[in-house]
Structure formats: structure tokens, C-alpha cells
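Below: one structure, written as C-alpha cells.
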Amino acid sequence: MKDYINLIPGESEREGGISKEKIFALGLILIIIIWGVTYGFKYYEVQKLKKEKTQIITKRDNINKELTAMIEEMNRLSAKGAVAKDKGGETLNLRDLLKERITWSTVLRELSFLTTPDLWFTVIESRKKRDTDKKEMHFSGNAMSHADVTNFIAAIERSDSFTNINLNFAQQSDLSGQSVVNFDVTAAIKRP
């Protein structure tokens with residue numbers, strides 16, 4: 001005697017549901033899908049690492065170029081010091097060799113403190129003085145009055161960065177309906 005009622009037709013019951021072959025095929029497909037997803041993620045990570053490696057190699061090459069340039073500059077300065085020593089002078093150190101250089105950041109910073117809001121530049125340039133190796137600065141610009149130009153010249157005359165200040169011209173003109181003074185000044189740059 002049966003404790004349950006079978007409502008499934010007899011032929012369906014005989015088929016036995018899902019066969020072992022189907023279970024094996026589904027398992028194999030599942031394994032292939034998992035492997036494919038894992039491979040895709042790993043492939044993406046490898047590509048990302050290759051890109052990072054390329055960037056690091058590029059940075060390394062740039063640093064090597066800079067280092068080579070610095071070594072060449074140090075060798076050139078060392079050779080210059082050795083030549084000075086061979087000529088009977090004392091050995092030059094790096095600080096002595098850099099004394100010839102102008103520190104532009106200091107010059108421009110000082111210039112920013114020497115100008116007033118009523119004076120502005122249209123040209124600031126550095127150039128070699130004629131027939132010498134000395135540098136000079138050329139300033140052109142506008143000011144609200146002749147007094148502003150005079151105050152600027154007085155300020156750069158007191159400066160530690162400039163010497164031999166020359167006013168090339170200062171003339172009244174009209175700029176957009178406003179009366180201004182155009183000026184042009186040159187000054188030699190003091191070596192540190």
C-alpha cells in the first residue's frame with residue numbers, strides 16, 4: 001500500500017528527470033563560464049600592470065636623462081675648477097662658479113615690491129649690454145603720473161639688484177580716455 005498519490009504520468013516518471021550526461025554538461029559549462037570570467041579579470045589586471053610598467057619606465061628614462069645632464073654639468077664645473085687650479089689659483093668650488101649666475105626669482109620678487117599699483121609694465125626684458133657680457137633690464141610701461149615714474153626710479157636706485165639706472169623717456173599720453181605717462185627705463189643688473 002502506498003502512502004502517497006503519484007500524479008506524474010508513468011512515462012515521465014520513467015525518464016527519471018535530468019540525466020547524468022546533462023548534469024555533467026551543465027557542470028562543464030559552469031566551469032567554463034567561471035574560468036572565462038576569471039581569465040577576463042586577470043587579463044584586465046595584466047593590461048593595467050603593463051600600462052603602469054610603461055609609465056614607470058618612461059619616468060625612469062626621464063630621470064636618467066636629467067641625471068646624465070647633471071653629471072655632465074658637474075664634470076664641466078669640476079674641469080673648470082681643475083683648470084683654475086692648474087693656472088696657479090685656488091680651487092674653485094660650486095658656490096664660486098654660481099656667483100656669476102643671476103637669480104632671476106630674487107630680482108623679479110624685489111621688482112614686485114618696488115612697483116606701486118599706479119604703475120604697470122608692458123615690457124620687462126633682460127638683454128646683454130652692448131660690447132660687454134653684463135646684463136641689463138629694460139622696463140617699459142605706464143604710470144598714472146610723472147611722480148609714480150620718479151618714485152619707481154628712486155626705488156630701483158636704492159635696490160640691491162640694479163645699478164646705472166637710465167630714464168630713456170617719460171611722456172604724457174592718452175590711454176582709453178585716461179591720461180597716463182608712458183616710460184622706458186634701463187638698468188644694469190648687479191651680480192650677486
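Read the figures in this text as sums done on the coordinates, not as results from a lab. Note that this is a predicted model, so its numbers are computed, not measured. Backbone-built Cβ (ideal geometry, glycine too); neighbour counts: all protein chains shown.
Using θ = phi - 60° and the Karplus curve 6.51 cos²θ - 1.76 cosθ + 1.60, what whole-Hz ³J(HN,Hα) does each residue of region 131-141 get, with Gly and Pro shown as x?
After applying 6.51 cos²θ - 1.76 cosθ + 1.60, I find 6, 9, 9, 6, 9, 9, 9, 10, 10, 10, x Hz.
Using a Förster radius of 25 Å, what is the FRET efficiency between residue 29 and residue 50 based on their Cβ-Cβ separation? Nearest 0.05, please.
Efficiency computed from Cβ-Cβ geometry: 0.20.
Taking the Cα centre of region 115-188 as origin, sum charge times position over the Cβ atoms of Lys and Arg (+1) and Asp and Glu (-1), and report the length of that vector in debye to the nearest 20.
300
What is the percent of Cα-Cα separations in region 129-192 that go past 16 Å?
On the way: 974 of 2016 pairs.
Value for region 129-192 (Cα pairs over 16 Å): 48 percent.
At a 10 angstrom cut-off on C-beta neighbours, averaged per residue, how do the peptides 63-72, 154-163, 117-126 rank from highest to lowest?
Put in order of decreasing packing, that is 154-163, 117-126, 63-72.
How much length is gained on full extension from residue 122 to residue 58, taking 0.36 nm per residue of separation minus their Cα-Cα distance?
Result: 19.0 nm gained on full extension.
Taking K and R as +1 and D and E as -1, what net charge do the other residues with C-beta under 11 Å from the C-beta of residue 180 add up to?
Here the charged neighbours net out to -3.
Stretch residue 151-residue 163 to full length: gain in nm at 0.36 nm per residue minus the Cα-Cα span?
2.8 nm
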